[in-house]
Amino acid sequence: MSETGPIAAKKQPGPARDDPAKGGPVPPATAQRLPGLRTLAPIVPKSGVASQALILVIAIMSFLACVTVGAVSLVNKSASTWQSQIAREATVQIRPSDDLDMDAALEKARVLASEFPGVRGARVISREETVKLLEPWLGSGLGLDELPVPRLVVVTIDEDNPPDFAALRTVIHDAIPNASLDDHRTWVDRLVGMARTMTVIGLCVLALVLSALVLTVIFATRGAMAGNHEIIEVLHFVGAEAGFIARQFQTRFLFSGIWGGVAGGGAATVVFVIVSWWSARNIITPEGEQASAFFGDFSIGYGAYAGVIAVIVMVGALTAMTTRVTVLRALHDIDDRRADPGRLD
């Protein structure tokens, strides 16, 4: 007895699809379990020479940007150290002469400075320390008695209540004519000004590097769109929204930017670590001590590491944003040409 009615209708097979493997129809349920039969090719190729070249360019740009951030961080750290030294110390310099008892003059200057309001203490630089300070310029085996080398008294300043330097300078000079007070402000102010200039230059270099990165991404995006121009136009004309097409490019270029940023930032971090390790090994030399006095230990701090991470995030964001804007503008031009067929580009 044949089945008819609603029961038979429920068992009737739906429209079948051709099975290329067997040469026959494929039931709908089987077709749903075989999504590979209708795999859509991505609008933007996932790999290729152009994609690898873009990642390499982004990595180079990211490396230069991270190195710039590290250099700016190092200079600012040195400038902060110099400014802190201004607030902490001053120096009394006593020039030798034939009729001057240097030891007595040093002790007198120390007492006068230590008793002045706003001074926490004073210390005489010994002969051994003076020789060590002069070794990088005059070499070892220096005899202070053979050269007219000034002697120093280091004055520790009360940072909360600094002294009147003009009055202190007058008191010391009246008591010891060969003595002079140097508060290091003129010299260090020049160094701080130089540091600020270097910071501005570094920021300008960073802006130029990021601008070059944006231009590179624009050219790469236009090249990818040119290679798939017909597909993009067809998708757009049959109803694909501009945001959907832009997301395809944006996602692909975002990953390229992240990979390039991570590679460049990682390489810059390795360079910083190597330079820090090298400076730590050479800090015991006189040249290393002088370089450390000017630039610190050449190690980037947590702020610089945060700057490297910020550069990586910025590179990824700029890449994705630039790609999206470029695609949307290109699709807008396509709409304009469609609305005005006589337009000449």
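We did not get these values from a lab; they are worked out from the coordinates using the rules stated. Predicted model, so just to flag it, every value in this text is computed and none were measured. In this analysis, Cβ positions are derived from the backbone assuming ideal geometry, glycine residues included, and neighbour counts consider all displayed protein chains.
Based on alpha-carbon centroids, what's the gap between region 73-152 and region 206-278 in Å, whole number please? Each part's Cα centre sits 56 Å from the other's.
Taking other Cβ within 10 Å of each residue's Cβ, how do Val214, Val315, Val69, Val270 sort, fewest first? Before the final figure, lay out the partial values.
Details: Val214 17, Val315 27, Val69 24, Val270 10.
Ascending Cβ contact count within 10 Å gives the list Val270, Val214, Val69, Val315.
Counting Lys and Arg as +1 and Asp and Glu as -1 over every other residue whose Cβ lies under 12 Å from the Cβ of Ile176, the net charge comes to +2.
Mean separation of Cα pairs under 8 Å and 6+ residues apart, divided by the residue count of region 96-177: what relative contact order is that in percent?
This gives 41 percent for region 96-177.
Of Ile172, Ile201, the sequence from fewest to most neighbouring Cβ atoms within 10 angstrom is Ile201, Ile172. Site pair Leu215 and Ser276 shows an inter-label distance of 3.5 nm when each label is modelled 7 Å from Cα along Cα→Cβ.
Could you line up Cys204, Cys66 from fewest to most neighbouring Cβ atoms inside 10 Å?
Lowest count first: Cys204, Cys66.
Please state the shape class of region 136-270: rounded when a/c is under 1.5, otherwise prolate if a/b exceeds b/c and oblate if not, all from the C-alpha gyration tensor. Verdict is prolate for region 136-270.
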